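Okay, so here's the structure we're looking at.
The values are calculated or read from the model by the stated rules, or taken from the named source; none is laboratory data. Keep in mind the model is a prediction, meaning the values are calculated, not measured. Using ideal geometry, Cβ is built from the backbone for each residue, glycine included, and neighbour counts are taken over all protein chains shown.
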Amino acid sequence: MTLAIVILNWNGKKLLEQFLPSVVRYSPEGQLYIVDNASTDDSLDFVRTHFPEIHIVENPTNSGYAGGYNRALQHIKADVYCLLNSDVLVTEGWLSPILRTFEEERIAVVQPKIKDEKLRVFTAYLIAEILSKLKHREFYSSFCSQLIPILKMLLNTNDEILRRKIIIAFGWVGTSKEIDLLTKQMLNDSDALCRAWSATSLMQMSFHRVDKEIICKKTKNVFSQAIEKEKDLYACGIMIEAAQILFSKRWISSSAVENIEFEKIEKARKTAVKFLSKC
């Protein structure tokens, strides 16, 4: 079993100086990688000088936390990936129980016990986004299936911003069993963007784990209802965009939605509802 320990860095020389030595010392089981998000300090010079055994992956731009990892992991091959923050101090034997778990049980993902709701949501979101880039790997479906129960639990959050993240994640990893969950969110969620992203996630499912025809068959009436009754124009526009991709139609442009052009959105609403009610 090969293990890649991947640390994302952006202008983090001070953190690397403080925490990287412990990772190098106590991680003989894995190959270390520093993923650099276009740093402007001399953090990479520090790594090359003091830890030449560490592999460096340089992203051309700062793509943020999830984007940085997504870019880099496409170039790193391993059986197990450990995404480690640069401010983590590890101790001797920290990897042993983790690797033993992967060897002895049918486990796809492990993480530390995180009590902070925001961290739990962002961790699950990141895992889902990474999996969406690894559809060709044999573990993709099983890993997604293990993540789904966690997403369902996190969806109960009262924080609208966090709920949006979870809804988006369902589009990357959800199966046909999650279609009803997203249609309920699209119709009943109290937050307009949650309703909108539910529509988008239903569309995203067609690019990942669910056949497009199945989604269309199960959601056409719901899309019609949601689009017709949506009061938030921007959310309505997003729903129409998602529906037109699913049903191979062209009712509105992205620019009209982004600019919240009232007349164009209302015209598209009427056309979309008319079509969805009949099809």
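This table checks each residue for (1) charged (D, E, K, R); (2) free of Cβ contacts under 8 Å to residues at least 24 places away in the same chain; (3) part of a loop (DSSP other than H, G, I, E, B).
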{"position": "Pro149", "(1), (2), (3)": "no, yes, no"}
{"position": "Arg163", "(1), (2), (3)": "yes, no, no"}
{"position": "Glu178", "(1), (2), (3)": "yes, no, no"}
{"position": "Leu182", "(1), (2), (3)": "no, yes, no"}
{"position": "Trp197", "(1), (2), (3)": "no, no, no"}
{"position": "Cys216", "(1), (2), (3)": "no, no, no"}
{"position": "Thr219", "(1), (2), (3)": "no, no, no"}
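Scan region 172-185 for residues that are under 18 Å from Met239 (Cβ atoms) and out of contact with any Phe, Trp or Tyr (no Cβ under 8 Å at 6 or more places or on another chain) and jot them down. Residues satisfying the conditions are Gly174, Ile179, Asp180, Thr183, Lys184, Gln185. I'd like the residue in region 1-39 that is farther than 14 Å from Lys77 by Cβ and among the polar types (S, T, N, Q) and, out of all such residues, is surrounded by the fewest Cβ atoms within 10 Å (Cβ to Cβ). So the residue we want is Gln18. For the structure I just gave you, tell me whether Ala108 is free of Cβ contacts under 8 Å to residues at least 40 places away in the same chain and under 24 Å from Leu162 (Cβ atoms). So Ala108 passes the test. Of all residues in region 223-264, those that are within 20 Å of Thr183 (Cβ to Cβ), surrounded by fewer than 19 Cβ atoms within 10 Å (Cβ to Cβ) and charged (D, E, K, R) total 5. Please pick out the residue among Thr200, Thr123 that is more than 30 Å from Ala256 (Cβ to Cβ) and among the polar types (S, T, N, Q). Unique residue meeting the criteria: Thr123. Checked against (1) at pLDDT 90 or above; (2) outside any strand (DSSP E or B); (3) more than 17 Å from the chain's Cα centre (by Cα); (4) within 18 Å of Leu44 (Cα to Cα), Glu58 passes all but a single condition, namely (2). Residues in region 40-49 that are touching a helix residue (DSSP H, G or I) at 6+ places or on another chain (Cβ under 7 Å) and over 13 Å from Ser86 (Cα atoms) were compared, and the one that is surrounded by the most Cβ atoms within 10 Å (Cβ to Cβ) is Phe46. Only one of the numbered conditions (1) at pLDDT below 90; (2) over 16 Å from the mean Cα position of the chain (by Cα) is violated by Lys133, and that is (2). Considering Ser27, Ser39, Ser43, the condition of being of a type in the set (S, T, N, Q) and closer than 26 Å to Phe143 by Cα is satisfied by Ser27 alone. Looking at region 8-23, can you tell me whether even one residue there is assigned to a helix (DSSP H, G or I), out of contact with any Phe, Trp or Tyr (no Cβ under 8 Å at 6 or more places or on another chain) and of a type in the set (A, V, I, L, M)? Yes, because at least one residue in region 8-23 is assigned to a helix (DSSP H, G or I), out of contact with any Phe, Trp or Tyr (no Cβ under 8 Å at 6 or more places or on another chain) and of a type in the set (A, V, I, L, M).
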